[in-house]
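Novice: The structure's right below; bear with me while I get my questions together.
What follows is calculated from the coordinates using simple rules that are stated; it is not laboratory data. Please read these numbers as outputs of a predicted model, since none were measured by experiment. Reconstructed Cβ throughout: ideal geometry from the backbone, glycine too, with neighbour counts over all protein chains shown.
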Amino acid sequence: MDKGTFEEQYKKIYQDMYRFALYTLGHRQDAEDAVGEAVADAWKGAGKLRNDQAFRSWMFKILTVKCKRKLKEYIHKTVNLNEDLQETFGKTAEWNVEEAQDVRNAFFTLDGQERLIVSMSVFGGYNSREIGKCLFLKDSTVRSKLSRALEKMQKRLEE
């Protein structure tokens, strides 16, 4: 893959990558670091990518590994997300701020693996088989964990 193609493909997915990392990690600087590290690693290995059509899933796979490492580093870390998330999403979409906060609160009641699975599914667009490969889980395990995580969020939103 040449520099121009890499840059063109990256521009198409940067915001999705950042949102994925931000929702997964919960902190703006960590999300920026994870995306930056993923892009640097991808750039180094761009010559190995045989199919340009696989660029998005390849990038998200690299980003998933980076986010997973950061989650392990910061497993007990707590952060206030209101400022980071409002800055990121408040400008790009019109929505009810209270509802958005409720969804974020429900999302962060999930454990790290549940957040990662939901993020990969919702923001990364991965299916259960792809998520399973990244996380070394069976497809059926991913589907059940995703279902349970979404149910937890739904219950939290109904409270």
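Novice: Can you list residues from other chains, or at least 5 along the same chain, whose modelled amide H is less than 5 Å from the amide H of residue 110?
Specialist: Hits under the 5 Å cutoff: none.
Novice: For residue 144 paired with residue 159, estimate the spin-label separation in nm (one decimal), with each label point 7 Å from Cα along the Cα-to-Cβ line.
Specialist: The answer from the label model is 2.5 nm.
Novice: Give a residue-ordered list of calculated ³J(HN,Hα) values for region 129-134 (Karplus: 6.51 cos²θ - 1.76 cosθ + 1.60, θ = phi - 60°; whole Hz; x for Gly, Pro).
Specialist: 5, 5, 4, x, 4, 5
Novice: Which of the peptides 114-127, 26-39 is most tightly packed, and how do the rest follow, judged by the mean count of other Cβ atoms within 10 Å per residue?
Specialist: 114-127, 26-39
Novice: What FRET efficiency comes out for residue 3 versus residue 101 if R0 is 35 angstrom and r is the Cβ-Cβ distance? Round to the nearest 0.05.
Specialist: About 0.30, to the nearest 0.05.
Novice: Okay, moving on. Give a residue-ordered list of calculated ³J(HN,Hα) values for region 113-123 (Karplus: 6.51 cos²θ - 1.76 cosθ + 1.60, θ = phi - 60°; whole Hz; x for Gly, Pro).
Specialist: 5, 5, 4, 5, 5, 4, 4, 5, 6, 6, 8
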